Amino acid sequence: GIRLWVNGVQVINNWTDHPPTENSGAIGLTAGQKVDLKMEFYENGGGAVAKLLWSGPSTGKQVIPTSQLYPASGGSTPPPPPPPPSGNLARNPSFESDPNVDYFPYGSGTFSWATDAAHGGTHSVKTVSVQPAGTLTRWLSKTTSLSAQPGASYTASAWFKSMNATDHGVITINFWNSASQVLSGVDGGTISGSTDWKQLSVSGTAPAGTAFIRVEFRLWGSGTLWTDDVVLIKN
């Protein structure tokens, strides 16, 4: 996945798993005037490559020379953010294809594959509920789609955005045996009210008899909850 900002304006946003691909965007620059660049990149499947090129009316496309790159205004270049783990077990983690293949909604709410808010890429999954406090609605991974090993530790994380959540949203994992019987579950971080994108995580150890792990994006009570960019790793 790749995304690029110039002076705080995002000009490239392809935060998805894909083979080597050229992405381009256009923004006006003034000769001799420095601009802030921020480029984020992750690899999840091999064959990874990232290059930053530019072109102009009188300049052909070329890799930006190091002579034209400078440290950030603070005097030193900050370390880049860590990329998502390459061992991500989550299916369709950025929801850029139909989530109903690997996930399903449950409860009395309105569920959608949304484009009105996304943390990375252009899509997320969305839950809208008018239920009272203590009532659960959720998107969740299909119960037998993610295999797990007894005794192994797992961590799941995702980005959440909430609007008018009267109770809270939470990320949850639970463990199931081969007969599709739940063995145990763990709740993780929460979000409430109207909160912009926030990463929540949860960790747990699979008990004896575990065959599958399920990841749930839960909304308790009324409100709206978006979820995006899921990561599930075996620790």
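For the chain, the Kirkwood estimate of hydrodynamic radius, built from reciprocal distances between every pair of different alpha carbons, is 19.7 Å. With loop defined by DSSP as not H, G, I, E or B, and exposure as at most 14 other Cβ atoms within 10 Å, which is the longest segment of the chain clear of exposed GluC sites (Glu not before Pro)? Excluding the exposed sites themselves, the longest stretch runs over 44-235. The distance linking the range 189-235 with the range 133-151 is 9 Å (Cα centroid to Cα centroid, whole angstrom). A straight Cα-to-Cα reach below 16 Å connects residue 51 with the aspartates and glutamates 22, 40, 43, residues fewer than 8 places away in its own chain not being considered. For the chain, modelled as a GNM whose springs connect Cα atoms under 10 angstrom apart, the maximal fluctuation among 130, 63, 186 occurs at 63.
Largest first and in whole Å, what are the equivalent-ellipsoid semi-axes of the range 99-234 based on the Cα gyration tensor, each being the root of 5 times an eigenvalue?
25, 15, 14
Across the chain, the longest piece that holds none of the trypsin sites (Lys or Arg not before Pro) lying in DSSP loops with up to 13 other C-beta atoms within 10 Å covers 52-235. Relative contact order of the chain, taken over Cα pairs closer than 8 Å and 6 or more residues apart, is 20 percent.
Any read-out appearing in this document is the output of simple, stated calculations on the displayed coordinates, not a laboratory observation. Since we're looking at a predicted model, the values are computed, not measured. Reconstructed Cβ throughout: ideal geometry from the backbone, glycine too, with neighbour counts over all protein chains shown.
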